[in-house]
1. Buried (at least 16 other Cβ atoms within 10 Å of the Cβ) and either of a type in the set (Phe, Trp, Tyr) or at pLDDT below 85 (or both), is that true of residue 61?
2. Got a number for residues in segment 85-139 being modelled with pLDDT under 95, in a loop (DSSP other than H, G, I, E, B) and aliphatic (A, V, I, L, M)?
3. Could you tell me whether any residue of segment 13-21 is of a type in the set (D, E, K, R) and surrounded by 14 or more Cβ atoms within 10 Å (Cβ to Cβ)?
4. List the pairs whose first member sits in segment 72-88 and is under 18 Å from residue 37 (Cβ atoms), whose second member is modelled with pLDDT under 60, and whose Cβ atoms are under 9 Å apart, counting only residues at least 6 apart or on separate chains?
5. Give the residues of segment 22-45 that are touching a Phe, Trp or Tyr at 6+ places or on another chain (Cβ under 9 Å), surrounded by fewer than 17 Cβ atoms within 10 Å (Cβ to Cβ) and not in a loop (DSSP other than H, G, I, E, B), sorted by residue number.
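The values are calculated or read from the model by the stated rules, or taken from the named source; none is laboratory data. Not measured: the values here are computed from a predicted model. Using ideal geometry, Cβ is built from the backbone for each residue, glycine included, and neighbour counts are taken over all protein chains shown.
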Amino acid sequence: MDHKLETHIDHLCRVVTADHDLLQINSKYRAQGPWVPAQRELQKINAYKTPVDKLECIVRVWKIILGLMSANPKDVGSDDFPILVFVILQVNPRALHTTSKYIEFYLDAKLKGETSIRSSVWNKFSTAVEFIKTLILRG
């Protein structure tokens, strides 16, 4: 599944830009694109071995995105989600499917019901990965 997802993302990132209709990134945040600091952090995810460390990497990615948006987490709403999707597409981390399942297997039960930033970010990230899996370009 990892190779299939990597190939799918490779195809998507050739076509999907920050202003692509599929993402609907708010125009006021496009100037910060392509969110290189967040991409650099996400590129490190496979250097971490434990699911906790991988999740902390994802949390740092999200915090970088928020910082680049110059926003308070309470003010962001859903604007950070399309940017997170775009960052994942641009990085196309190796073994993304396996990494997501690894984190989910070891941490999902612990994070359920938790109202922490980690839980919220994990939900956003895993939803972003699932969203990417279902993206089909038309035309």
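1. Working: buried (at least 16 other Cβ atoms within 10 Å of the Cβ): yes; either of a type in the set (Phe, Trp, Tyr) or at pLDDT below 85 (or both): no.
Considered against the rule, which asks whether it is buried (at least 16 other Cβ atoms within 10 Å of the Cβ) and either of a type in the set (Phe, Trp, Tyr) or at pLDDT below 85 (or both), residue 61 comes out as no.
2. So the answer is 3.
3. Step one: of segment 13-21, the residues of a type in the set (D, E, K, R) are 14, 19, 21.
Next, from what is left, pick out any that are surrounded by 14 or more Cβ atoms within 10 Å (Cβ to Cβ): none.
The answer is no; no qualifying residue exists.
4. 79/71; 80/71; 80/73
5. none
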